[in-house]
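Novice: Pasting a structure here, questions to come.
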Amino acid sequence: MTTPPTAPPSHQSLPPLEPTARARVTRGRNRAVTDRAALLDLLADGLVAHLGVTVGDHPVVLPTAYAVDPDGPDEGGSLYVHGSVAARWLCGSVGATVCVTVTELDGLVAGRSAFHHSMNYRSAVVIGRPRLVDDPAERQHALDLLVDHMIPGRSATLRPSTRKELAATAVLAVPLHEASMKARAGGPVDEPEDVAAGVWGGHVPVRRELGPVVPAGDNLPGLSVPADVAGRTRSRTRPAAPGPAPAA
């Protein structure tokens with residue numbers, strides 16, 4: 001396992017989001033988040049990304065595990081995804097422009113009219129041209145990050161990947177430079193006459209909860225849950241994240 005990267009730069013030194021016209025939020029501008037530190041917090045909190053790319057004559061959007069190195073070699077840091085070397089979407093992504101999105105749902109908003117029903121969320125959009133990670137040290141570092149993003153500290157407990165496993169796996173790095181983020185929090189924003197009519201309004205927080213550990217059926221006798229897995233499940237509930245003031 002390669003040496004972990006140094007600590008990310010201070011929040012004060014991070015460049016703002018929306019560095020290009022195509023990354024700028026135009027619809028619902030009041031929900032735009034320009035603090036890059038908030039983007040890194042969201043990416044640390046999320047578990048699944050969706051990568052959109054054109055393959056042949058049609059677009060595809062696929063869910064994928066991901067990991068982030070804020071100090072990675074790409075502009076703005078590196079967002080890593082991986083897949084089979086035979087995957088068409090992965091081969092089609094190299095050199096093409098892709099869009100990676102990560103969304104965390106934080107609540108369901110019950111307005112006093114159908115128009116003002118909404119959701120509380122944090123959503124990031126990253127646009128860029130992925131590069132194939134061919135440096136062995138960086139690729140191993142990226143694969144370790146992908147494992148540790150799911151279960152922190154797990155990669156240090158595993159055997160080294162075999163040559164066959166590495167040969168079957170490709171890693172892509174997407175620059176984090178061209179990114180934007182939107183967020184909504186709080187209750188509904190209703191018309192005054194709907195509030196005065198006495199219709200109930202509010203919101204339902206949404207939390208992600210990890211269940212109790214389920215050991216594999218073929219574990220050797222006497223094996224206990226390792227510290228990395230136990231540590232992941234001790235904090236089983238992700239509370240709904242705070243965010244900006246409510247927005248219509």
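The values are calculated or read from the model by the stated rules, or taken from the named source; none is laboratory data. Keep in mind it's a predicted model, so treat the numbers as computed, not measured. Ideal geometry is used to build each Cβ from the backbone, glycine not excepted, and the neighbour counts take in all protein chains shown. Side chains included, ligands, DNA and RNA excluded: accessible areas come from the protein's heavy atoms. Shrake-Rupley method; radii C 1.70, N 1.55, O 1.52, S 1.80 Å.
Novice: 222 nm [θ] for the chain, helices only, -39500 (n - 2.57) per DSSP H run of 4+, per residue, to 500?
Specialist: One gets -5500 deg cm²/dmol as the mean residue ellipticity at 222 nm.
Novice: Taking a probe of 1.4 Å, how large is the accessible area per residue of the chain, in Å²?
Specialist: Result: 55 Å² per residue.
Novice: Return the carbon/sulfur percentage of the accessible area of the stretch 65-212, one whole number, probe 1.4 Å, all protein chains in place.
Specialist: Whole-percent figure for carbon plus sulfur exposure: 61.
Novice: Continuing with the same structure: Could you tell me the center-to-center distance, by alpha carbons, between the stretch 129-198 and the stretch 17-52 in angstrom?
Specialist: Distance between centres, Cα-based: 13 Å.
Novice: Order these peptides, 209-222, 178-191, 147-160, by their mean beta-carbon neighbour count within 10 angstrom, highest first.
Specialist: Ranking the peptides 209-222, 178-191, 147-160 by packing returns 178-191, 147-160, 209-222.
Novice: Oh, and also: If I compute volume of the Cα convex hull per residue in Å³ from the structure I just sent, which labelled value in (i) 156; (ii) 173; (iii) 191 lines up?
Specialist: Recomputing volume of the Cα convex hull per residue in Å³ here gives the entry labelled (ii).
Novice: State to the nearest 20 debye the size of the charge dipole of the chain about its Cα centre, where the only charges are +1 on K and R beta carbons and -1 on D and E beta carbons.
Specialist: Dipole size: approximately 240 debye.
Novice: If packing is taken as the average number of other Cβ atoms within 10 Å across a peptide's residues, how do 125-133, 52-60, 40-48, 69-77 rank, most packed first?
Specialist: Answer by packing, highest mean first, reads 125-133, 69-77, 40-48, 52-60.
Novice: Could I have the simple spin-label model distance between V189 and E75, label points 7 Å from Cα toward Cβ, reported in nm to one decimal?
Specialist: So the two model labels end up 3.3 nm from each other.
Novice: Next question. Counting only C-alpha contacts under 8 Å and six or more residues apart, can you give the relative contact order of the chain as a whole percent?
Specialist: Taking the mean separation of contacting Cα pairs over the length of the chain, I get 24 percent.
Novice: Run the numbers for A37 and V214: contour at 0.36 nm per residue of separation, minus the present Cα-Cα distance, in nm.
Specialist: 60.2 nm
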